[in-house]
1. Amide H neighbours of residue 74 under 5 Å, counting only residues 5+ apart in sequence or on other chains, H built in-plane at 1.01 Å?
2. Considering only C-alpha atoms, what is the centroid distance from region 110-162 to region 1-78, in Å?
3. Taking R0 as 22 Å, what FRET efficiency do you get between residue 183 and residue 131 from their Cβ-Cβ distance, rounded to the nearest 0.05?
4. How many percent of the alpha carbon pairs in region 69-152 exceed a separation of 19 Å?
5. Subtract the Cα-Cα distance of residue 55 and residue 253 from 0.36 nm times their separation in residues, and report this length gain in nm to one decimal.
6. Which value in nm describes the separation of the simple spin-label points at residue 89 and residue 173, placed 7 Å from the Cα toward the beta carbon?
7. Angle, helix 165-176 long axis vs. longest principal axis of the chain, Cα atoms, 0 to 90°, nearest 10?
8. Given the Cα-Cα distance of residue 109 and residue 27 and 0.36 nm per residue of separation, how much length would full extension add, in nm?
Amino acid sequence: MQPAADAPILFFDSGLGGLTVLGPTRALLPTAPIVYAADYAGLPYGQKSEAELAARVPALLGRLVERYQPRLAVIACNTASTIALAHVRAALDLPIVGTVPAIKPAAELTNSGVIGVLGTEATVRQPYVDDLSAKFAGDKIVLRHGSPGLVTGAEAKLRGEPVDPATIARAVAGLRDQPRGDAMDVIVLACTHFPLLTDELQAAVGPGVRLIDGAAGIARRIAHLTQGQGWPDAPAPGLAVFTRSADRPPPPLATLAPYGLDRIELI
Ligand code: DGL
């Protein structure tokens, strides 16, 4: 059965990083109703254990799916996807799109054969990343670094606060200071928060290094999976949902409005 035209697409991240996936999706599907859910009570995911995320993410997504009845859910978070995608798919009966590090396109782009993967600490240690590296970049050197500071920096930047240049420099050094790091010519932004800091990161690495992420590919995948389905005639107001956190209030609506989100709900 076809979903109703007003059935939303659900985006899920620990915070605001998933907006970098929502942006290109809205460009392809401008009238798609959107529910964007951020687990502020659980942010940052990058510093949580595998066991905690494997339990937390499917449970929370289950609640969100029940409440908002989406036609499809997007886990717009590399950490949650590399750890919990299989658990979520097993638990829920709707199409789930995950976000995984863009190692395959990076391997196709590199000339030097040295690729950097910048993610959260949890993402860069996942066997999922070992598998992607072995499968698509077996003849390349894949350097990895986990940077919690960039997650904080990206959240701050979206709220209009300054980003500490030392945080950016530390993240870049975390890759470059590894053996063969000086030859690295492509960096995979393997956390959905990091493209929010593309300008700062590009300035720090210089023009000889390309930064890539998977957002455009995920948007195409969402469009493909919903092809032929009905949509509203005009853009519907988007809803942003935040899990309640004592020390992290939701951002002002002005931060969310450019992404078509004009209502906030706390759960
Ligand atoms: N946006 C998330 C990701 O793509 C992680 C941020 C966090 O540490 O919660 O990995």
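1. It is 10, 11, 12, 97, by chain and number.
2. About 21 Å separates the Cα centre of region 110-162 from the one of region 1-78.
3. Details: r = 24 Å, r/R0 = 1.09.
Taking R0 as 22 Å, the efficiency between residue 183 and residue 131 is 0.35.
4. Details: 1527 of 3486 pairs.
Looking at region 69-152, the distances longer than 19 Å represent 44 percent of pairs.
5. Working: separation 198, 0.36 × 198 = 71.28 nm, distance 3.04 nm.
Between residue 55 and residue 253, full extension yields 68.2 nm more.
6. Reported label-point gap for residue 89 and residue 173 is 4.0 nm.
7. 60 degrees
8. Working: separation 82, 0.36 × 82 = 29.52 nm, distance 2.50 nm.
That pair, residue 109 and residue 27, stretches by 27.0 nm at full extension.
Read the figures in this text as sums done on the coordinates, not as results from a lab. Please read all numbers here as calculations on a predicted model, not as lab measurements. Positions of Cβ are generated from backbone atoms using ideal geometry, with glycine treated the same way; all protein chains shown enter the neighbour counts.
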